[in-house]
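K.L.:
Take this structure, written in structure tokens, and hold onto it; I'll ask about it next.
The values are calculated or read from the model by the stated rules, or taken from the named source; none is laboratory data. Please read these numbers as outputs of a predicted model, since none were measured by experiment. Here Cβ is always computed from backbone atoms with ideal geometry, including for glycine, and neighbour counts include all displayed protein chains. Surface accessibility is based on the protein's heavy atoms, side chains included, excluding ligands, DNA and RNA. Shrake-Rupley method; radii C 1.70, N 1.55, O 1.52, S 1.80 Å.
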Amino acid sequence: LVDYIHKEVFEKGAPLHFAIVQGAKIRLRPILMTALSETLGLLPLALGIGSGSALEKPLAIAVIGGLVTSTFLTLFVLPIGYELLFHSRNKSPVAD
């Protein structure tokens, strides 16, 4: 997502907000598909289905929590942070 935004802004000269929105639209599906498939794959372990699942259940719950958190951060916090950092770096210093 960051790479796409960076290419749009610096190589193609697109406005920052437009690049962020386009990048989020284009990368939304692959990000959600990856997170959803991994979460659904770990769901039987997290529910404790099967023999020996008592040892693996806490790990599966932790991984699912991490996937949900990282997906949220990637889709919402990362673009906002990129825009804030971009604007803070490109401010011209005030002359005395």
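K.L.:
Tell me the relative contact order for the chain as a rounded percent, counting alpha carbon contacts under 8 Å between residues six or more apart.
P.N.:
On the way: 46 pairs, mean separation 24.3, N = 96.
Reported relative contact order: 25 percent.
K.L.:
With a 1.4 Å probe and every protein chain kept in, tell me what percent of the accessible surface of the chain is carbon plus sulfur. The partial results should precede the final answer.
P.N.:
Working: 4800 of 7000 Å².
The value for the chain is 69 percent carbon and sulfur by accessible area.
K.L.:
In addition: What is the mean projected area of the alpha carbon convex hull for the chain, to one decimal in square nanometres? Walk me through the intermediate numbers first.
P.N.:
Values: hull surface 33.2 nm².
Mean projected area for the chain: 8.3 nm², to one decimal.
K.L.:
Another question, then. According to a simple spin-label model (label point 7 Å from Cα along Cα-to-Cβ), what is the distance in nm between HIS17 and SER70?
P.N.:
Those two pseudo-labels are separated by 3.2 nm.
K.L.:
If packing is taken as the average number of other Cβ atoms within 10 Å across a peptide's residues, how do 33-39, 21-27 rank, most packed first?
P.N.:
Working: 33-39: 13.6, 21-27: 15.3.
Ranking the peptides 33-39, 21-27 by packing returns 21-27, 33-39.
K.L.:
What number comes out for accessible area per residue over the chain if the probe is 1.4 Å? Units Å², please. Can you show the working numbers first?
P.N.:
Values: 7000 Å² over 96 residues.
Accessible area per residue: 73 Å².
K.L.:
Considering only the other residues whose Cβ falls under 12 Å of the Cβ of PRO44, what net charge follows from Lys and Arg at +1 and Asp and Glu at -1?
P.N.:
Details: positive: LYS57; negative: GLU56.
So the environment of PRO44 carries a net charge of 0.
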